[in-house]
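These notes concern the structure reproduced below.
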Amino acid sequence: MLLPWKGQAQTDYAAGTRVGNSTGFSMRYFKDEDMVIEGLLTFRHGGIQVTGIWERYRPLFNIPGGDITIYYGLGGHIGINRWAGFFGNTDLARNKYYIPSIGVDGMLSFNYELSNIPLSLSLDYKPYAGLFEPNFLAIHGGDMAVAIRYHFNLPYKPF
């Protein structure tokens, strides 16, 4: 059941797509007035990642037609990547291997939340560190993406 749009603060969920270094799908659950749990299903390095991030959000300022809000938080990911070579082994570089990945993720997101329709647009910056990368541990300074999300309510809250 979808309820009428009354502003982002009164919605329980936002779901949409993101396009960037890691392209895929995003789902946000608004747990409290300033807490969000975000889940991502993304595709990068020829593989798939599932990411969960616990975020806080704060309004920055109002502009005509909506609000600018900042989201920031930490979480983690698990998935499988496809790499050429592993641990610097040049013999493996001729072939591509699927390698598990697990790691820690950050999130900094600037959102433009429209006031007249239940949509938001965002610019996401998601640095992450992963184990089992080609050199075992890798720190990635920037996973940039643009996202569009639809805000809605359901008749229940999971927790």
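The values are calculated or read from the model by the stated rules, or taken from the named source; none is laboratory data. All figures in this text were calculated on a predicted structure; none of them were measured in a lab. Counting neighbours? That spans all protein chains shown, and the Cβs are built from the backbone with ideal geometry, glycine included.
A single member of Asp105, Asp91 is acidic (Asp, Glu), surrounded by 12 or more Cβ atoms within 10 Å (Cβ to Cβ) and either more than 24 Å from Asp34 (Cα to Cα) or modelled with pLDDT of 90 or more (or both), and it is Asp105.
The set of residues in segment 61-79 being buried (at least 16 other Cβ atoms within 10 Å of the Cβ), more than 12 Å from Lys126 (Cα to Cα) and of a type outside the set (Gly, Ala, Ser) consists of Asp67, Thr69. Scanning segment 13-39 for residues that are of a type in the set (Val, Ile, Thr) and free of Cβ contacts under 8 Å to residues at least 60 places away in the same chain, we see that the one that is surrounded by the fewest Cβ atoms within 10 Å (Cβ to Cβ) is Ile37. Going through (1) of a type outside the set (Gly, Ala, Ser); (2) over 29 Å from Asp12 (Cα atoms); (3) surrounded by fewer than 16 Cβ atoms within 10 Å (Cβ to Cβ) one by one, Phe110 falls short only on (2). Residue check: Pro100 meets all listed conditions (1) modelled with pLDDT of 80 or more; (2) surrounded by 15 or more Cβ atoms within 10 Å (Cβ to Cβ) but one, namely (2).
Each residue in segment 128-156 was checked for being modelled with pLDDT of 95 or more and in a loop (DSSP other than H, G, I, E, B), and 0 of them qualify.
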